[in-house]
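Notes to accompany the following structure.
The values are calculated or read from the model by the stated rules, or taken from the named source; none is laboratory data. Computed from a predicted model, the values in this text were never measured in an experiment. Counting neighbours? That spans all protein chains shown, and the Cβs are built from the backbone with ideal geometry, glycine included.
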Amino acid sequence: MNYYETVFIATPVLSDAQLKELLGKFRGVITENGGQIINEEDWGLRKLAYPIQKKTTGFYYFLEFSGEAAIVDTLETQYRRDERIIRFLTMKQDKYAQEYAAKRRNKNAKKEE
Amino acid sequence: MAANNSTEIRYLNPVSVEVKKKKYCRFKKAGIKYVDYKDGEFLKKFLNEQGKILPRRLTGTSQKFQKKVSQAVKRARHLAILPFVTDLMK
């Protein structure tokens, strides 16, 4: 049971409906494969530091989840298959990363109140 | 006699001797344990104008945290949070 965090960038040409469907799809990939989503953050449309596939902006989405190791492979093959995702990064959270993530979640929760 | 006077060099203002500031590892001092790759602003402190990672001898960070910083910067570059190369960043 490891803790992972993943960030992916979707092409900016998506409409809201397509974007929601995309997010739902990846949420489903995690939950179906026995993963459990801990935290999600939508950073929205952001400017990229350098153009990727001739696009200078992208929808960033951040997901924290826990699950078995095999879940990451299925998630990443889904990323590679979906052409709306232009870049992704998944990372296993070590002890300190988990503490940092917990602190970050509290800070965001407090900020929203 | 005159030779001595002319050789004696007088400075207009006192030469400022570069006092050797003791460098310290800001991570150990601040007790930071994890360098987050998502936080672009914080990582920019470790990059120069061209976007290159500053060496340890300038920033004074310990090797353990320099590795974490460089890995975080490389991940941020992968996610286009930080540029690979730029001019006059900051």
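Brief remarks on what is shown
- Within region B:48-62, not a single residue is at pLDDT below 95, touching an Asp or Glu at 6+ places or on another chain (Cβ under 9 Å), assigned to a helix (DSSP H, G or I) and on the phi < 0 side of the Ramachandran plot.
- Scanning region A:45-92 for residues being within 24 Å of B:Pro83 (Cα to Cα) and among the polar types (S, T, N, Q) gives a total of 4.
- Screening B:Asp87 with (1) modelled with pLDDT under 90; (2) within 30 Å of A:Tyr60 (Cα to Cα); (3) away from chain A (no Cβ under 14 Å) gives one miss only, at (3).
- Those residues of region A:95-112 which are within 23 Å of A:Asp73 (Cβ to Cβ) and loosely packed, with under 11 Cβ neighbours inside 10 Å, in sequence order: none
- Screening the candidates A:Thr77, A:Thr31 for the property of being loosely packed, with under 12 Cβ neighbours inside 10 Å, farther than 20 Å from B:Ala76 by Cα and either away from every other protein chain (no Cβ under 13 Å) or of a type in the set (Val, Ile, Thr) (or both) yields one hit, A:Thr77.
- Condition check for A:Lys92 on (1) among the charged types (D, E, K, R); (2) closer than 24 Å to B:Tyr34 by Cα; (3) without any contact (Cβ under 8 Å) to a residue 24 or more places away in the chain; (4) loosely packed, with under 14 Cβ neighbours inside 10 Å: one failure, at (3).
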